[in-house]
1. Using the beta-carbon distance between Val202 and Gln244 and R0 = 22 Å, what value does 1/(1 + (r/R0)^6) give for FRET efficiency, to the nearest 0.05?
2. Ser164 to Val112: extension gain in nm, 0.36 nm per residue of separation minus the Cα-Cα distance?
3. Using 1/(1 + (r/R0)^6) with R0 = 35 angstrom and r between the beta carbons of Arg261 and Asp129, what's the FRET efficiency to the nearest 0.05?
4. Find how much the distance from Ala24 to Glu153 grows on full extension, using 0.36 nm per residue of separation minus their present alpha carbon separation; answer in nm with one decimal.
5. With the crude spin-label approximation of a point 7 Å out along Cα→Cβ, what separation in nm comes out for Asp31 versus Leu213?
6. Just subtract the alpha-carbon distance of Thr96 and Arg81 from 0.36 nm times their residue separation and send over the number in nm, one decimal.
7. For the ranges 147-154, 165-172, what's the packing order if you count other beta-carbon atoms within 10 Å of each residue, average per peptide, and put the highest first?
8. Could you give the nm distance between label points at Ser136 and Thr50, where each point is 7 Å from its Cα heading toward the beta carbon?
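Throughout, read-outs are computed from the coordinates displayed, never taken from laboratory work. Note that this is a predicted model, so its numbers are computed, not measured. FYI the Cβ positions are ideal-geometry reconstructions off the backbone, even for glycines, and counts take in every protein chain you see.
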Amino acid sequence: MRVFALALLGVSTLTTVVTAQTLAARIAVVDGSAQVLFPSRPEACGDGRTFTGNLLRRGRMIVDGSVIIDGRKLRDEPCLRGPVRVVATVVGGEVTRLRTYVGPVPPVDARVVDLGMVAAREATAWLLDLAQHASSRVASSAITPLIAADGSEPWPQLLAIARSETRPRDTRREAMFWLAEATNHHLGIDNADENMSEDDDVRQQAVFAISQLPRDVAVPKLLEVARSSKRAPVRKQAIFWLGQSGDARATELFADLLGLR
């Protein structure tokens, strides 16, 4: 029975690898644009065409290339549930661009090869490989759909990317941004801005002012606030700006707070 169980485990593992490779291979043979759909995490939403929101409850919204923080939208359209839709531009077998959408799926453009719905696990394996090995633009763009996927908790992998001296600077910064988001979510303070006092608002402004100081001055002060502040909106603000800092000390703080040591 033990040998049989191990054999089944081996077959299962092999199937997972082959499936992930199959998706990458299916995309690689496309000459132009390929579309992939996969289940989104329960809190994710969007309009399916222009913006994606609430990837970690509070959410980061992307509207025509502009990043919107704390749920502030540039449009009045409702944020609707739906699958993740990734459109990959493929040139010579290599992915050169990724665009990500969440929400209702629009009719397929005749110029796009529709690969249909795949398992979230299959999609995340493909996206993680891009985040770890692709060029800066593609690797950075792979992180948002990686997080949007149902059941995805890629924090150890993003921590490794943020720590890596071989990955592009923009990719490391994108990983740090999402580690900061994950940290605030893990601490239960991602929605802390909803019930702020006037005092919290003043303190947040002070944290912002600190974040604009030279890094050698700003980072130690932000780390202190992130570790010890009793005010959730203030602590959240410090963690957010640490996520923008690109500083290795911030990465290690996220590792500590997320329990990834």
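1. Numbers: r = 21 Å, r/R0 = 0.95.
Calculated value: 0.55.
2. Here the segment from Ser164 to Val112 would lengthen by 15.3 nm.
3. The formula returns an efficiency of 0.90 here.
4. Numbers: separation 129, 0.36 × 129 = 46.44 nm, distance 2.07 nm.
Working it through step by step, the gained length comes to 44.4 nm.
5. 5.9 nm
6. Values: separation 15, 0.36 × 15 = 5.40 nm, distance 2.77 nm.
Gain on extension, Thr96 to Arg81, equals 2.6 nm.
7. Details: 147-154: 20.5, 165-172: 15.2.
Packing order, densest peptide first, comes out as 147-154, 165-172.
8. Using points 7 Å along Cα→Cβ, the separation is 3.0 nm.
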